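The values are calculated or read from the model by the stated rules, or taken from the named source; none is laboratory data. Values in this document were obtained by computation on a predicted structure and should not be read as measured data. Because the Cβ atoms are built from the backbone with ideal geometry, glycine has one as well, and the counts that use them run over all protein chains shown.
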Amino acid sequence: MDMAGRPVKQRRIHLPGLTLHMLAAVTPEEVELRLVNETAEDIPYDKPWDLVGLTGMGSGIVRAWQIGDEFRRRGRKVVIGGIAASLGKPEWTLAHADALVIGEAEETWPQVIRDAQAGRLRPTYQSEEPPDIKTLPLPRYDLMNGGVYGRWTPVQATRGCPFTCSFCSVSAFFRHRRLAPEQLQANYWRLYERLFSWRAAGAGICRRGIGRPRGPNRGPHSRTGI
């Protein structure tokens, strides 16, 4: 939010996060879902959602609480998670949501879905151990709306940080891990396919150039090693 407490709005999101797209990848296939980023989209409050999941970083958690209140006033079930909600007091978030997901959510989100379907959401969910990111499915890049997201799309290579600074929330929230090289390569190709489908005609992308050095400077299509 801005200094006046209003949501920050942009025409496009140029540096999007991957949280929702990672969770979409572990959502059961029979579940219909829609991903919305308020920065560039209007929130569809009045749709008949069965479950609403919210996240926010830093002070963005305050906006998540506000959105949660709006959905709950309409009778919708709300789940909130993310780094800010996890590191704060649970009662702060549970005042605005039906359930709180603490920590990384790939292991717990499918259980949240099953409990919501059965009508027995628990107040809190937390994995005993962080997920093994080497076994996680690829993010749902296909759910990135081309009219909303800019030219930059993130690829996950690691989680956490190798340093453990006492003042840093990243160290408190994440345990440092690396993605396997073959999984990182798969992420690159999934992303390439998305970009190719959008921009092949205008950008003149050449599939043979990807991953191959180009001259002494190794060019924009150079090989990446991890």
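Being within 14 Å of the chain's Cα centre (by Cα) and crowded, with 16+ Cβ neighbours inside 10 Å is a condition met by at least one residue of region 108-122.
Just one of (1) surrounded by fewer than 12 Cβ atoms within 10 Å (Cβ to Cβ); (2) touching a strand residue (DSSP E or B) at 6+ places or on another chain (Cβ under 8 Å) fails for Leu179. It is (1). Considering Pro16, Pro7, which residue is touching a residue at least 12 places away in the same chain (Cβ under 8 Å), in contact with a strand residue (DSSP E or B) (Cβ under 7 Å, 6 or more places away or on another chain) and part of a loop (DSSP other than H, G, I, E, B)? None of the others qualify; the one that does is Pro16. When both residues are 6+ apart or on different chains and their Cβ atoms are under 7 Å apart, which pairs have a first residue that lies in region 109-128 and is touching a residue at least 12 places away in the same chain (Cβ under 8 Å), and a second that is assigned to a helix (DSSP H, G or I)? Matching pairs, first to second residue: Trp109/Leu23; Leu121/Asp115; Arg122/Asp115; Pro123/Leu94; Thr124/Pro90; Tyr125/Gln111; Tyr125/Val112.
Residues in region 133-183 that are among the hydrophobic types (A, V, I, L, M, F, W, C) and more than 17 Å from the chain's Cα centre (by Cα): Cys161, Phe163, Cys165, Phe167, Cys168, Ala172, Ala180.
Any residue in region 60-68 that is of a type outside the set (D, E, K, R) and assigned to a loop (DSSP other than H, G, I, E, B)? No.
Once region 14-56 is narrowed to residues that are β-branched (Val, Ile, Thr) and under 13 Å from the mean Cα position of the chain (by Cα), the residue that is farthest from Leu136 (Cα to Cα) is Val36. Of all the numbered requirements in (1) at pLDDT below 95; (2) under 22 Å from Leu18 (Cβ atoms), Glu128 misses one, and that requirement is (2). Sub-8 Å Cβ pairs linking a first residue in region 174-190 that is closer than 13 Å to Pro137 by Cα to a second residue that is modelled with pLDDT under 80 and of a type outside the set (A, V, I, L, M, F, W, C), at least 6 apart or interchain, are Leu179/Asn187, ordered by first then second residue.
Residues in region 66-78 that are of a type outside the set (Val, Ile, Thr) and in contact with a helix residue (DSSP H, G or I) (Cβ under 7 Å, 6 or more places away or on another chain): how many?
Going through region 66-78 one residue at a time, the tally reaches 1.
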